[in-house]
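Here is the structure we will look at, set down as structure tokens.
The values are calculated or read from the model by the stated rules, or taken from the named source; none is laboratory data. What you are looking at is a predicted structure, and each value in this text was computed from that prediction instead of being measured. In this analysis, Cβ positions are derived from the backbone assuming ideal geometry, glycine residues included, and neighbour counts consider all displayed protein chains.
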Amino acid sequence: MTVYFIGAGPGAADLITVRGARTLAACQVCLYAGSLVPVELLDECPDRARLVDTARLNLDEITGELVRAHEQGLDVARLHSGDPSVFSAVAEQMRRLDAAGVPYEVVPGVPAFAAAAAALKRELTVPTVGQTVILTRIAQRATAMPEGEDLATLGRSGALLVLHLAAGYVDRVVEELLPHYGAECPVAVVALASRPDEVILRGALGDIAEQVKAAGIVRTAVIMVGRTLGAEQFRDSHLYSADRDRHVC
């Protein structure tokens, strides 16, 4: 039997992929990430499916549930918020399943930053303004960041930064990025992206911290910092240009 790591999407239940929903509906066991996964998705599980909230489980306990289900001949849905490829902690689960000889597959999902961009009605890569997006976080009470991946270093690129797990430390974010982006650099904060209680804040690096604190946002949010968020005057993409030779493969 197989373990399926399924990206549940950013929050709205209908943003799970068709493949994700179909896989979930075929699994007799579902481990889900507590309050981070919309409860409506659990309705997709088969009747009498075993549902396990992993919010209070450690890695050994989670792995134990996955291995036991496999040994019982049951397919398992391991439901993660967003997309499993970013800040999902699936790497250590996969490593342990490899050691236990348990097969698994990954079903991608809509990541939080994509839902945030949709809420902002913004393309994150704009011709002649910015073509690079950096997904990162800060180390506070979590695992330390690798050398060279601190905000000061990443900020020197001038690229659009998307920070996960950082809303509660917005003062530190501003302090470390101000020397590289300047106080007038556009910033957006999107909390609970795609959910009914979604919150969107727009401002500049110099004033965003006060907005975030006034709104009481401390988690389930992404912070975006970069020029493309405010881009209005820019060249059209060459992709649809009338000057492009469309007969060349």
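For region 3-31: of the residues being in contact with a Gly (Cβ under 6 Å, 6 or more places away or on another chain) and part of a strand (DSSP E or B), which is surrounded by the fewest Cβ atoms within 10 Å (Cβ to Cβ)?
7
Matching residues to (1) among the aliphatic types (A, V, I, L, M); (2) over 23 Å from residue 230 (Cβ atoms):
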| residue | (1), (2) |
| --- | --- |
| 104 | no, yes |
| 110 | yes, yes |
| 129 | yes, no |
| 134 | yes, no |
| 147 | no, yes |
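Which one is farthest from residue 112 (Cα to Cα), of the residues in region 32-55 that are among the β-branched types (Val, Ile, Thr) and not in a helix (DSSP H, G or I)?
Taking region 32-55 first, the residues among the β-branched types (Val, Ile, Thr) are 37, 39, 52, 54.
So of that shortlist, the ones also not in a helix (DSSP H, G or I) come out as 37, 52, 54.
Working: 37: 12, 52: 23, 54: 20 Å.
Only one residue tops the list, namely 52.
From the list 223, 217, exactly one residue is β-branched (Val, Ile, Thr), on the phi < 0 side of the Ramachandran plot and in a strand (DSSP E or B). Which is it? Spell out the reasoning first.
Details: 217 fails: in a strand (DSSP E or B).
It is 223.
Residue-wise test of (1) within 17 Å of residue 132 (Cβ to Cβ); (2) free of Cβ contacts under 8 Å to residues at least 40 places away in the same chain.
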| residue | (1), (2) |
| --- | --- |
| 160 | yes, no |
| 168 | no, no |
| 181 | yes, no |
| 192 | no, no |
| 200 | no, no |
| 203 | no, yes |
| 209 | no, yes |
| 213 | no, no |
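Can you pull out the residues in region 53-71 that are among the polar types (S, T, N, Q) and free of Cβ contacts under 8 Å to residues at least 24 places away in the same chain?
Within region 53-71, the subset among the polar types (S, T, N, Q) is 54, 58, 63.
If the condition is that a residue be among the polar types (S, T, N, Q) and free of Cβ contacts under 8 Å to residues at least 24 places away in the same chain, then 54, 58 are the ones that fit.
So which of 65, 44, 105 ends up being charged (D, E, K, R), touching a strand residue (DSSP E or B) at 6+ places or on another chain (Cβ under 6 Å) and surrounded by 15 or more Cβ atoms within 10 Å (Cβ to Cβ)?
On the way: 44 fails: touching a strand residue (DSSP E or B) at 6+ places or on another chain (Cβ under 6 Å); 105 fails: surrounded by 15 or more Cβ atoms within 10 Å (Cβ to Cβ).
Criteria check complete, one pass: 65.
Which of the residues that make up region 53-70 are under 22 Å from residue 103 (Cβ atoms) and within 22 Å of the chain's Cα centre (by Cα)?
Taking region 53-70 as the starting set, the residues that turn out to be under 22 Å from residue 103 (Cβ atoms) are 54, 57, 59-70.
Matches in region 53-70: 54, 57, 59, 62.
Condition test on residue 236, is it over 28 Å from residue 83 (Cβ atoms) and either within 25 Å of the chain's Cα centre (by Cα) or modelled with pLDDT of 95 or more (or both)? Talk me through it step by step, then tell me what you get.
Numbers: over 28 Å from residue 83 (Cβ atoms): yes; either within 25 Å of the chain's Cα centre (by Cα) or modelled with pLDDT of 95 or more (or both): no.
In short, no.
Residues in region 73-126 that are at positive phi and in the same structural domain as residue 224 (by TED's automatic domain parsing): how many?
Here is the first cut: in region 73-126, the ones at positive phi are 73, 82, 87, 89, 101, 121.
Keeping just the survivors that are in the same structural domain as residue 224 (by TED's automatic domain parsing) gives 121.
Going through region 73-126 one residue at a time, the tally reaches 1.
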